[in-house]
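The values are calculated or read from the model by the stated rules, or taken from the named source; none is laboratory data. Everything numeric in this text was worked out from a predicted model, so none of it was measured. Using ideal geometry, Cβ is built from the backbone for each residue, glycine included, and neighbour counts are taken over all protein chains shown. Note: areas computed on protein heavy atoms with side chains; ligands, DNA, RNA excluded. Shrake-Rupley method; radii C 1.70, N 1.55, O 1.52, S 1.80 Å.
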Amino acid sequence: MGKASAPSLHTYALNMKFLLIVFVVTANTIEPMIDRSSPLFALYETIYSFHIPMFALAMGYFAKSFRLDRPGIDGLCTIAYQYVLFQTLYSLADIVFFQAKGVIHSFFMPYSLLWFLLSHFCWRLLLRAFVHMRHPLIVSLLLGIAVGYLPWPGAWLSVSRTLVYFPFFLAGYFLPQHWETIVKRLRMPAVLLGVGVICFFWLGGRIDPRWLYGSFTYAEAGHPEWYAGIYRLGMYGIQAAASLAFLSLVPWAAGRITDWGKRTGYVFLLHAFILKSLLAAGIYVYLQTPWSQGLAIIAGFGIVWLLSQPWVEAHAKRWFEPDITFVKRLVLKSHGTP
């Protein structure tokens, strides 16, 4: 096959991003129903076994050109702005309409899916310290295991997920140009690993979702034992197996989903407004049969398609990425960046 070209790898990464956002929305769509459906619970855990690690890997790949220069600072400012904006909007919507139980409204406690923005911001900063290490992946894995021993809740500032999934972000950053050859050579064993993971979940195997989320300390997950880090090491193994299977199935050819993959940020940040509104309106109470639950999944696909359209970007871009030049100038000046 030879080495994959940069455009080929870029197309693959965009295809991967779109497929991942489909799985993200699917998981969030079925989450309110998993307690009353064993197949949905199995599907939910199957998705969670790979979709967060793979999104971190995709973000790592797209951070290959990141530096603490003007474009890099621009990117960090945009992520920080989006976090503040949507943390405010989701918190206000929750107070007024969603009224979800147990939610802490604080910029130090990311609301629902917004942890990913905060972690992405931190991953890019951590990247500069890790790229010159001799064994960065090993160090990041050790940190991902060690963070579980924190004496305070791991969700604060998304510190737990940031370190737990940082190894996957680094893996994406170091993704080699000949990845196509590697993936195709490993396709069969990767698929077999994936089949094994799927069979585990669909034949009744269950993992406490708190381990799949990565946001809980070992004590919060009910395992305060000194050797609890071994469980996370095991989770890394399961997630790596499921992720390899997913990677082997992502198409390399450019297509419609490649274009949609450029706009996954809009889907990610907006879809929860729709789903949480449906939940608050009591729609999920009526989704009791397999047919109605299947229609809910199809509706989730519809949400992804709708929010992936160019007109959404055309109307939302100025709000998602406004001109905040004055903030960027202050940051650049403080770093002495011309």
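Of note:
- One residue stands out in the stretch 21-80 among those that are under 24 Å from Val164 (Cβ atoms) and charged (D, E, K, R): the one that is farthest from the chain's Cα centre (by Cα), namely Lys64.
- Hits in the stretch 80-97 - residues which are in contact (Cβ under 8 Å) with a residue 24 or more places away in the chain and of a type in the set (Gly, Ala, Ser): Ala80, Ala93
- Every residue from the stretch 173-196 that is of a type in the set (Gly, Ala, Ser) and buried (at least 18 other Cβ atoms within 10 Å of the Cβ): Ala190, Gly194
- Of all residues in the stretch 44-63, those being among the polar types (S, T, N, Q) and not in a helix (DSSP H, G or I) number 1.
- Single residue of Leu125, Leu170, Leu163 found to be within 29 Å of Asn15 (Cβ to Cβ) and either among the polar types (S, T, N, Q) or open to solvent by less than 20 Å² (accessible area, probe 1.4 Å) (or both): Leu170
- Enumeration of residues in the stretch 112-142 that are aromatic (Phe, Trp, Tyr) and farther than 18 Å from Thr78 by Cα: Phe130
- Selected residue (only one of Phe201, Phe168 is under 23 Å from the mean Cα position of the chain (by Cα), part of a helix (DSSP H, G or I), at pLDDT below 90 and not acidic (Asp, Glu)): Phe201
- Residues located in the stretch 144-153, provided they are open to solvent by 70 Å² or more (accessible area, probe 1.4 Å) and part of a helix (DSSP H, G or I): Tyr149
- Residues in the stretch 224-239 that are surrounded by fewer than 17 Cβ atoms within 10 Å (Cβ to Cβ) and small (Gly, Ala, Ser): Gly234, Gly237.
- Note on the stretch 277-290: among residues that are open to solvent by 50 Å² or more (accessible area, probe 1.4 Å) and touching a residue at least 12 places away in the same chain (Cβ under 8 Å), the one that is farthest from Ser112 (Cα to Cα) is Pro290.
- Taking every residue in the stretch 245-260 that is surrounded by 13 or more Cβ atoms within 10 Å (Cβ to Cβ) and pairing it with any residue that is not in a helix (DSSP H, G or I), at least 6 positions away or on another chain, the pairs with Cβ-Cβ distances below 7 Å are Phe246/Phe50; Ser248/Leu186; Trp260/Ser308.
- Restricting attention to the stretch 89-101 and to residues that are assigned to a helix (DSSP H, G or I) and open to solvent by 20 Å² or more (accessible area, probe 1.4 Å), the residue that is nearest to Lys317 (Cα to Cα) turns out to be Leu89.
- Counting only residues that are surrounded by 19 or more Cβ atoms within 10 Å (Cβ to Cβ) and assigned to a loop (DSSP other than H, G, I, E, B), the stretch 64-88 holds 1 of them.
- Top-ranked residue in the stretch 208-223 [being without any contact (Cβ under 8 Å) to a residue 60 or more places away in the chain and part of a helix (DSSP H, G or I); ranked as surrounded by the fewest Cβ atoms within 10 Å (Cβ to Cβ)]: Arg210
- Taking the stretch 224-253 as the range and being assigned to a loop (DSSP other than H, G, I, E, B) and either more than 27 Å from Pro110 (Cβ to Cβ) or in contact with an Asp or Glu (Cβ under 9 Å, 6 or more places away or on another chain) (or both) as the test, the residues that pass are Glu225, Trp226, Tyr227, Val250, Pro251, Trp252, Ala253.
- Any hit, the stretch 98-108, residues being under 25 Å from Gly282 (Cα atoms) and among the charged types (D, E, K, R): yes
- Residues that are hydroxyl-bearing (Ser, Thr, Tyr), more than 18 Å from His51 (Cα to Cα) and part of a helix (DSSP H, G or I), drawn from the stretch 264-320: Ser277, Tyr284, Tyr286, Ser292
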